[in-house]
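Before any comments, here is the structure.
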Amino acid sequence: MSGESGPTPVAVRPARPDEFAAIDALLGAAYAHDYGPDDSAGDPFRAAAVRAGAYDVWVAEGRDGSLLGSVTTRRPGGPPLHEDVAPDELDLRLLGVAPAARRRGVGAALMRDIAARAAGTGFHAVVLKTGPEMRGAHRLYDALGYERRPERDGLWIAGEQRLDLFTYALPLASLAEAPLTDAAAARGVLGSFPTGVVALAAADGDGAPPAALTIQSFVSLSVSPPRVLLTVGTGSTSWPRIAATGSFAATVLGEGQGPLARRLARPGAPNKLGGIPTVRSPRRGHPVIAGGSSWFECAIREEFDGGDHRIVVADVEASGLLGGADRPLLFARSRFGGFAPAS
Ligand SMILES: Cc1cc2nc3c(=O)[nH]c(=O)nc-3n(C[C@H](O)[C@H](O)[C@H](O)COP(=O)(O)O)c2cc1C
């Protein structure tokens, strides 16, 4: 395996049986090019057709359909290629790039693809063995973030160390996937994104208590023109009342206003703002909650279907900071908290 530059777009895919002979030739040429005559030519394992019985043989295919590289990896649920590999480790062998395709990122593309697939199939690390003299390959592994693991050096066969091979390992952040069909699990993952907390409120001017609800999906959409974007659940009973007025006040809540946020989130609760100190927004007279971090007076511009939530775009007509500006309320993992600036 030798160095490469100037990446060439390749598609990494499983090898087809009709490509096995071409793979053998490619690997033979690659190893001969870097390490001279190959004394393991008689090793049946050198035949891709043999390896494909128990392992996954991959190819890197160029845009013109030519085979530019190959690598063989452990098959998920299958035996490892090396004796000293743990059950949650994917190991690989026979990584090679056609001599004419060197220095074009083909080896790196193969290795990155293998690591991504390994993480996606529950492996926690990719492990490989390489000859001490294969310095070009070592540079590639270093560049890809592999760790040199001298304590695991050696090629072991039937419990005996047969060769002084170097061991490299790439720890994989194995992705614990939350089933999307499980709403609670999906909300758990979505809830890991910390947000501020906003109270939307609107007085519809007929003397009824103002409508209000708590949201966290509130973002600055545009500075010029000043617009915000928010999403409201299709089941909300307060939003239709707010939307009917065509405008609203949004108060970014301050630290300590978690209980208030919970109160405003009670579905259909009457007079949610009863007894809560508010001031009227300058143009439309909607309630802005005292003690918050900042306020916005907005006119609803457009609503879009977003699934179980409506996406709302609103024009900001007026806004300002409030006393609690430096200490906004945050919400993450279903808990309220405060903002602690990094020292
Ligand atoms: C911290 C927090 C964040 C929330 N974020 C949203 C949100 O972004 N969009 C939304 O529609 N509801 C959100 N809710 C839920 C609404 O507040 C709740 O469904 C709503 O208040 C229901 O009351 P209603 O029927 O009177 O509208 C959130 C609730 C809490 C406690």
**OP:** Work out, in µm²/s and without decimals, the Stokes-Einstein translational diffusion coefficient of the chain at 37 °C, 0.692 mPa s, Rh from Kirkwood over C-alpha pairs.
**Re:** 132
Original post:
In square angstrom, rounded to the nearest 10, how much accessible surface does ASP18 have for a 1.4 Å probe?
Top reply: 110
Original post:
Taking the DSSP beta bridges in the chain as the whole, what percent of them are antiparallel, to the nearest 5?
Top reply: 95
Original post:
When the helix-only estimate is applied to the chain (DSSP H runs of n ≥ 4, each -39,500 (n - 2.57), divided by the residue count), what is the mean residue ellipticity at 222 nm, nearest 500 deg cm²/dmol?
Top reply: -5500 deg cm²/dmol
**OP:** Calculate what fraction, in whole %, of the accessible area of segment 11-171 sits on carbon and sulfur atoms when a 1.4 Å probe is rolled over the protein chains.
**Re:** 57
Original post:
So how tilted is helix 106-120 from the main axis of the chain? Cα-based, degrees 0 to 90, rounded to 10.
Top reply: 60
Original post:
With point charges of +1 on the Cβ of Lys and Arg and -1 on the Cβ of Asp and Glu, referenced to the Cα centre of segment 140-251, which listed residue (TRP239, THR181, TYR146) lies farthest in the positive direction of the dipole?
Top reply: TRP239
Original post:
How many percent of the accessible area of segment 183-337 is carbon or sulfur, using a 1.4 Å probe?
Top reply: 56
Original post:
Regarding segment 183-337, what are the three Cα extents along the principal axes, ordered largest first, in Å?
Top reply: 41, 36, 33
**OP:** Keeping all protein chains in place, calculate the accessible area per residue for the chain (probe 1.4 angstrom), answer in Å².
**Re:** 51
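The values are calculated or read from the model by the stated rules, or taken from the named source; none is laboratory data. If you're wondering where the values come from, they're calculated on a predicted model, not measured in any experiment. Note that we place each Cβ from the backbone using ideal geometry, even for glycine, and neighbour counts take in every protein chain shown. Heads up: the accessible areas ignore ligands, DNA and RNA and are worked out on the full protein's heavy atoms, side chains in. Shrake-Rupley method; radii C 1.70, N 1.55, O 1.52, S 1.80 Å.
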